[in-house]
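Visitor: One structure follows; several queries about it will come next.
Derivation of every value follows stated rules applied to the coordinates shown; laboratory data play no part. Since the model is a prediction, treat every value here as computed from it, not as a measurement. Neighbour counts run over all protein chains shown; Cβ positions are idealised from the backbone, glycine included.
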Amino acid sequence: MIDSVNNEKIIFYKKLREKKYILENNMFIVEGDHLVEEAYKSGRLLEVIMDNTCNIKLDVKTTLVSKKCMEKISLLKSVPNIMGVVKLVKNESIIGNKIVLLDNVQDPGNVGTIIRSALAFNVSTIVMSPDSVNIYNDKLIRSTEGTIFNMNIVVMPLSEAIEKIHQMGIKVYYADMYGSINLDDADIKDYALVLGSEGKGISDYIRKEADYGINIPMNDKCESLNVSVSGGIIMYKFR
């Protein structure tokens, strides 16, 4: 069992909480039994890190460490007794006929919720602009409840993505309160949907490159919806 927080493996695990080292080593850390088990089911779990109170047994490399070492690695206030080292998969292809694009969406909780909704409503690919939140942000991963391991997520400039999507023969829509298409009247099966940032909404260049805007009819006493809520409503409608 590793007991020292200065052990080189503990130092390495701690570094895997930073984007720089995640990308350099093509792996990242998840915390808690649910995420570890979901990573295992997906075939991406490389190693388990646990203390001696954990009795979960998985057919992967296992490293036993002390509680203080778990505390050193963890980003949570309530430190779990199991973590996992997960293989980073860099997807580069946009696949399927139901696609969601995230335009500078920054809140990790919102993105995690969008990923969960996308999987539930048959979306094949999520494209994230490079200026959106880091896909391996710990809060984002936890908010997906493990669905991140079953979604094709691509990071690329949205201008490039929209060009590829148009070449696939798929129309690009964006969520906007002033969009020309009322969601109640829409009957769309193949689509790419752009969701804008929480503060600025849809970028001007998206409005120019996309085909149509979609508005969600709602009570006029409500000015707008959270991006993950509006995205979920539209994805459900187009499922």
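Visitor: Calculate, in nm to one decimal, what R17 and N52 gain on full extension: separation in residues at 0.36 nm each, minus their alpha carbon distance.
Guide: 10.3 nm
Visitor: Starting at 0 and stepping by 10 Å, how many percent of the alpha carbon pairs of the range 8-87 end up in each bin?
Guide: Histogram of Cα-Cα distances, whole percents per bin: 20, 57, 23, 0.
Visitor: Zone of R207 (label point 7 Å along Cα→Cβ, backbone N under 14 Å): which residues in the range 163-180?
Guide: 174-180
Visitor: Separate question: Describe numerically, in nm with one decimal, the distance between label points set 7 Å from Cα along Cα→Cβ at N25 and at D187.
Guide: 5.4 nm
Visitor: While we're on this one: What's the angle, to the nearest 10 degrees (0 to 90), between helix 33-42's Cα axis and the longest principal axis of the chain?
Guide: 70 degrees
Visitor: I've got another one for you. Which ³J(HN,Hα) values, rounded to whole Hz and listed in residue order, are derived for the range 9-25 from phi using the Karplus coefficients 6.51, -1.76 and 1.60 in 6.51 cos²θ - 1.76 cosθ + 1.60 with θ = phi - 60°, glycine and proline given as x?
Guide: 5, 5, 4, 5, 4, 4, 5, 6, 8, 10, 4, 4, 6, 4, 6, 5, 9
Visitor: Which of the trypsin sites (Lys or Arg not before Pro) found in the range 58-121 are loop residues per DSSP with 14 or fewer other Cβ atoms within 10 Å of their Cβ?
Guide: Numbers: sites: K61, K67, K68, K72, K77, K87, K90, K98, R116; in loops: K77, K90.
Taking the range 58-121 and a limit of 14 other Cβ atoms within 10 Å, the loop trypsin sites (Lys or Arg not before Pro) found are K77, K90.
Visitor: Now for a different question. For K164, give me every one of the lysines with a C-alpha distance below 22 angstrom, ignoring sequence neighbours fewer than eight places off in its own chain.
Guide: K90, K98, K189, K208
Visitor: Quick one: order V85, V155, V127 by neighbouring beta-carbon count within 10 Å, fewest to most.
Guide: Details: V85 23, V155 17, V127 26.
With the sparsest Cβ surroundings first, the list reads V155, V85, V127.
Visitor: I'd like the per residue volume of the convex hull spanned by the Cα atoms of the range 52-177, given in cubic angstrom.
Guide: Cα convex hull per residue, to the nearest whole number: 138 Å³.
Visitor: Can you give the Rg/Rh ratio of the chain, where Rg is from the C-alpha atoms and Rh is the Kirkwood radius? All intermediate terms of the calculation are to be shown ahead of the outcome.
Guide: On the way: Rg = 19.9 Å, Rh = 19.1 Å.
Using only Cα positions, Rg/Rh for the chain is 1.04.
Visitor: Might you report the magnitude of the Cβ-based charge dipole of the range 98-237 about its Cα centre, with Lys and Arg at +1 and Asp and Glu at -1, to the nearest 20 debye?
Guide: Working: 12 positive and 18 negative charges, 65 e Å.
For the range 98-237, the charge dipole is close to 320 debye.
Visitor: Once the other residues with Cβ under 12 Å from the Cβ of E18 are scored (Lys, Arg +1; Asp, Glu -1), what is the net sum?
Guide: Details: positive: K14, K15, R17, K19, K20; negative: E24, D138.
The answer is +3.
Visitor: Among C222, C54, C69, which comes first, second and so on when ranked by fewest other beta-carbon atoms within 10 Å? Intermediate values should be presented prior to the final figure.
Guide: Working: C222 7, C54 18, C69 24.
Lowest to highest Cβ neighbour count: C222, C54, C69.
Visitor: Would you list E31, E145 from fewest to most Cβ contacts within 10 Å?
Guide: Values: E31 24, E145 15.
In increasing order of surrounding Cβ atoms, one gets E145, E31.
Visitor: Hey, another quick one. By how many nm would the segment from N7 to S124 lengthen if fully extended, with 0.36 nm per residue of separation less the alpha-carbon distance? All intermediate terms of the calculation are to be shown ahead of the outcome.
Guide: Details: separation 117, 0.36 × 117 = 42.12 nm, distance 4.15 nm.
Roughly 38.0 nm would be gained on extension.
Visitor: Only helical DSSP H runs with n ≥ 4 go in: add -39500 (n - 2.57) per run for the chain, normalise by residue count and round the 222 nm mean residue ellipticity to 500 deg cm²/dmol. Present the calculation step by step, with values, prior to reporting the outcome.
Guide: Numbers: 9 runs with 78 residues, N = 239.
Calculated at 222 nm, the ellipticity per residue is -9000 deg cm²/dmol.
Visitor: Taking Cα atoms of the range 100-161, Rg/Rh with Kirkwood Rh, to two decimals?
Guide: Values: Rg = 10.4 Å, Rh = 11.3 Å.
Result for the range 100-161 is an Rg/Rh of 0.92.
Visitor: At 7 Å along the Cα-to-beta-carbon direction for both K171 and E198, put a label point, then send me their distance in nm to one decimal.
Guide: 3.1 nm
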